[in-house]
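So the structure is just underneath, and the comments pick up after that.
The values are calculated or read from the model by the stated rules, or taken from the named source; none is laboratory data. These numbers were taken from a predicted model, which means no experiment stands behind them. As a convention, Cβ positions derive from the backbone with ideal geometry for all residues, glycine included, and neighbour counts pool all protein chains shown.
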Amino acid sequence: MYDTYFAADVQAPTWWELVKENAWPIAWKGISVTIPLTALSFTLGLAIALLAAVGRMSQAAVPRAVARSYISIIRGTPLLVQLYLIFFALPQIGIDLNPFPAAVIALSLNVGGYAAEVIRSAVESIPRGQWEAARTIGMSQRTALRRIILPQAARTAVPPLSNTLISLIKDTSLTSIILVVEMVRQAQFAAAPTFQFMAMYGLAAFYFWVICLVVSFVQDRTEERLSRYVAH
């Protein structure tokens, strides 16, 4: 009887009170987990993508086959399954990873598979005359790629790579299934006692949207800076 009276006497917080109470904790998870996870994964993913793109364009059969296989596997399997394989399956062969490193590895490999084709197509869009001009002045293929081709290809690659980055930001929410406490997981924790899922997930969605707006702004400025490298 006392328990029933006490439960009825205590009022659950309104959705606005819940938002005010959890606005900073969810934002902090974005700052301390979602953004670092995105930055690390995108940086490593670009490095993997560059290697895969070079292998894809190689005249040698083995690097080309390895790059093709990697890209095909990554693009042909869901990210969710890749997360499961790295976090839950690898321990069965003796490789135990904490949630955050496992998420970084899975997201980096995923980004690499998609960004590799973006980089390859951007490099191949540069006229062959640019390569020939570089060879004429004595540049090696590697030097020409680094100093002449990639700066021009970057201008073409920025928009699709920015889309890949925005997708990656949103994909970090999937890492909650391997116990990474990022914004969506924190929103779930906050909503569970009161079942105010609309307010908490809506707040997390708002923060994701703000982060993506910032990325879009940086993309526009980056395109303006790189436009000077475009050959006319």
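Descriptive notes on the structure:
- Residue check, ALA190 assigned to a helix (DSSP H, G or I), closer than 20 Å to TRP16 by Cα, out of contact with any Phe, Trp or Tyr (no Cβ under 8 Å at 6 or more places or on another chain) and among the small types (Gly, Ala, Ser): yes
- Among (1) over 20 Å from GLN82 (Cα atoms); (2) aliphatic (A, V, I, L, M); (3) surrounded by fewer than 19 Cβ atoms within 10 Å (Cβ to Cβ); (4) within 25 Å of the chain's Cα centre (by Cα), the one test that VAL118 misses: (3)
- Elements of the type helices (runs of 4 or more DSSP H) sitting completely within region 94-145 and holding at least 1 residues that are among the acidic types (Asp, Glu): these cover 99-124, 128-136.
Residue-wise test of (1) under 23 Å from ALA49 (Cβ atoms); (2) under 16 Å from the mean Cα position of the chain (by Cα); (3) surrounded by 14 or more Cβ atoms within 10 Å (Cβ to Cβ).
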{"position": "MET139", "(1), (2), (3)": "no, no, yes"}
{"position": "ARG155", "(1), (2), (3)": "yes, no, yes"}
{"position": "LEU161", "(1), (2), (3)": "yes, yes, yes"}
{"position": "SER167", "(1), (2), (3)": "yes, yes, yes"}
{"position": "MET183", "(1), (2), (3)": "no, yes, yes"}
{"position": "PHE189", "(1), (2), (3)": "no, no, yes"}
{"position": "PHE195", "(1), (2), (3)": "no, no, no"}
{"position": "MET200", "(1), (2), (3)": "no, no, yes"}
{"position": "GLU223", "(1), (2), (3)": "yes, no, yes"}
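- Failed condition for ALA65, given (1) part of a helix (DSSP H, G or I); (2) at pLDDT below 95: (2)
- Selection over region 20-49 of residues that are surrounded by fewer than 20 Cβ atoms within 10 Å (Cβ to Cβ), among the polar types (S, T, N, Q) and farther than 12 Å from LEU165 by Cα gives a count of 1.
- Of all residues in region 50-98 being among the polar types (S, T, N, Q) and farther than 29 Å from VAL180 by Cβ, the one that is surrounded by the fewest Cβ atoms within 10 Å (Cβ to Cβ): GLN59
- For ASP171, the stated conditions hold: it is assigned to a helix (DSSP H, G or I), within 15 Å of the chain's Cα centre (by Cα) and within 27 Å of VAL123 (Cβ to Cβ).
- In the set ILE31, ILE95, only one residue is among the aliphatic types (A, V, I, L, M), free of Cβ contacts under 8 Å to residues at least 60 places away in the same chain and within 22 Å of TYR201 (Cβ to Cβ); that residue is ILE31.
- Residue selection: SER216 satisfies the criterion of being among the small types (Gly, Ala, Ser), farther than 14 Å from ILE35 by Cα and assigned to a helix (DSSP H, G or I).
- Restricting the first member to region 186-208 and to residues that are free of Cβ contacts under 8 Å to residues at least 24 places away in the same chain, and the second to residues that are surrounded by fewer than 22 Cβ atoms within 10 Å (Cβ to Cβ) and β-branched (Val, Ile, Thr), the beta-carbon pairs closer than 8 Å and six or more apart or on different chains are PHE189/VAL181.
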